[in-house]
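The values are calculated or read from the model by the stated rules, or taken from the named source; none is laboratory data. In this text, all values refer to a predicted model and were calculated from it rather than measured experimentally. Methodologically, a virtual Cβ is constructed for each residue, glycine included, from the backbone with ideal geometry; neighbour enumeration extends over all protein chains shown. Just the protein is used for accessible areas: all its heavy atoms, side chains included, with ligands, DNA and RNA removed. Shrake-Rupley method; radii C 1.70, N 1.55, O 1.52, S 1.80 Å.
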Amino acid sequence: MDTDNINFDEIVEKIRKFASAAEKKERFEHSVRVAETAKIMCDMYGVDPKKGYLAGLAHDMCKDLDDETQLSLASHDGQPISDVEKKKPSLLHGRAAAEKLRRDFGIDDSDIIQAVSRHTLGGASLCPLAKIIYAADKIEPGRPQSTQEYREKLFALSLNKLCLAVLEENMEYLRSKGKEIAPVSFRFHEALRRDIAYDATLAMDFAGGN
């Protein structure tokens with residue numbers, strides 16, 4: 001999808017209308033905050049802020065649909081339904097929203113689709129936009145821990161280090177509640193650590209070359 005297309009604002013408005021009707025009031029307000037946080041992060045990390053806003057606004061638009069509808073939508077994305085998702089179908093809401101973006105809103109941008117689909121559990125090969133939406137969902141200003149100081153400390157980090165910090169905080173929260181951590185989240189953790197090591201190697205090579 002060309003985000004410079006004159007119809008972009010129309011698509012966002014259609015998503016806004018659907019999301020505001022489909023989501024509980026508090027969830028829609030959260031979605032707007034995620035969109036705004038994602039837009040800020042996109043500006044910081046060199047990603048198209050229009051894509052960030054759209055993905056943030058859309059990420060939870062199927063979360064208040066019934067389990068059967070979420071499962072039906074998610075089952076069309078060509079990916080298997082994991083055991084963790086079968087036990088808790090609400091974890092499929094991102095995949096369901098991504099499929100709805102394709103089917104009902106004509107969005108085929110692979111970065112937006114991945115960002116919406118993977119925002120809950122992460123993934124092993126996420127694009128920068130997907131990392132931004134994953135993090136923005138968990139650090140938007142409505143979250144209890146997300147003070148201005150908290151966000152400023154995170155925003156001082158590289159995108160990979162920020163994501164790793166947010167992911168580890170989330171994993172620790174799940175452990176404290178006795179909840180299961182999805183295998184894909186562990187793969188996300190390993191991938192981020194590899195990306196950070198690669199970034200450090202590039203930085204050393206650059207420094208050595210100068």
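The table that follows gives values for the structure above.
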{"item": "Segment 74-130, residues that are free of Cβ contacts under 8 Å to residues at least 24 places away in the same chain, surrounded by fewer than 18 Cβ atoms within 10 Å (Cβ to Cβ) and of a type in the set (V, I, T)", "result": "I81"}
{"item": "Hits in segment 21-71 (condition: open to solvent by 60 Å² or more (accessible area, probe 1.4 Å) and over 17 Å from the mean Cα position of the chain (by Cα))", "result": "A21, K24, K25, E26, D66, D67, E68, L71"}
{"item": "Residue match in segment 141-151 (condition: open to solvent by less than 20 Å² (accessible area, probe 1.4 Å) and touching a residue at least 12 places away in the same chain (Cβ under 8 Å))", "result": "no"}
{"item": "Residue within segment 144-160 that is touching a Gly at 6+ places or on another chain (Cβ under 7 Å) and either closer than 18 Å to D43 by Cα or part of a helix (DSSP H, G or I) (or both) present", "result": "no"}
{"item": "Those residues of segment 76-118 which are part of a helix (DSSP H, G or I) and of a type in the set (G, A, S), in sequence order", "result": "S90, G94, A96, A97, A98, S110, A115, S117"}
{"item": "Residue ranges of helices (runs of 4 or more DSSP H) in segment 1-68 with at least 3 members modelled with pLDDT of 95 or more and within 16 Å of P141 (Cα to Cα)", "result": "25-45, 49-58"}
